[in-house]
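Scroll down for the structure; my scribbles are underneath it.
None of the figures in this text is laboratory data; all of them are computed from the coordinates on show. Since the model is a prediction, treat every value here as computed from it, not as a measurement. All Cβ positions, glycine included, derive from the backbone under ideal geometry; neighbour counts span all protein chains shown.
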Amino acid sequence: MDRRNWILLFALAALWGASYLFIKIGLDDLSPAAVVFTRTALAALVLLPFAVRSGGMAPLWRRAPWLVALGALQVAGPFLLISAGERHIASSLAGILVASAPIFTAILAIWLDHSERLSTPGVVGVAIGLVGVALLLGVDLGGSSAALLGGLMVVLASVGYAIGGFALKRWFTGYQPLALVAGTMSASALMTLPLMLIDLPDHVGPDTVGAMCALGLGGTGIAFVIYYTLNREIGPTRTSLVAYIAPVFALVYGVTLLDEAFSITTALGIVLIVGGSWLAAKAPARAPVEAPAARATVRA
């Protein structure tokens, strides 16, 4: 990774770390589906004209079913789960739990992408990270069934992010990132529109309007352009490094701006998840086993 990609990675982490704060504010007036529809619709409205003008949308229309599937796996599904989960847990904790995405990326690579399979240090990192997830879910949430359900929703969202990363690599390698974002956000907005209409808000305050604008334009539109760009240039495993940088921003935002609690268990959980994710993402891929015939050819 060169300097440009590191800058993009930290910018993405700052934007995504703030997303949990904006979601929490938006939930004061909106349903989870309304939060997701608003953020994806805003992102689509801003980005779609530029994507069409650039010509990047034309190739995507021929792969519309796959684009819809990607939107469901990596945008609409995880966004709904995180928004629903944040009704019951702190925004900072949601940001920490999403940091488990590289762990699930490493686990799923066993079946989905052998080029991303981990060596022994990476497996150790996965185990450490899972211990951190279990600690936060089992201890930090205080035994509340609603809080536990909210935490599990966020963890499931991180699984969706991991699957979406592999789907993006397999289905859309070489496609324009701006067009991919515009297309997936448009598809996600259409998917969540019926759910939003079921539970329309009675009142929307100025704080919610501001939070949704920031979430839609920055945390969704701009952030996903950066994400898809990184995914194309450095691959899903290295791009997933953002998942253990963003929680630091989410924690700072939540504690300082929303006065959320920060306990020793929270600190230990983030150390285990972030440390395990870092080890899993940093570890080299397991070298493929050569067939006897291939080895003979190399020796010759």
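Quick notes on this one:
- For a paramagnetic label modelled on LEU195 (point 7 Å from Cα along Cα→Cβ), amide N atoms under 11 Å away belong, within region 63-79, to 72-73, 75-79.
- Label sites at LEU268 and VAL46, each approximated as a point 7 angstrom past Cα along Cα to Cβ, lie 4.1 nm apart.
- Largest-first principal axis extents of the Cα set of region 1-116 (Å): 41, 35, 31
- Here region 48-198 is treated as an ellipsoid with the same Cα gyration tensor; its semi-axes, largest first and in whole Å, are 30, 22, 10.
- Alpha carbon centroid spacing (whole Å) that separates region 205-232 from region 64-100: 14 Å
- Taking the empirical scaling 2.2 N^0.38 Å for compact globular proteins as reference, the chain has a Cα radius of gyration ratio of 1.01.
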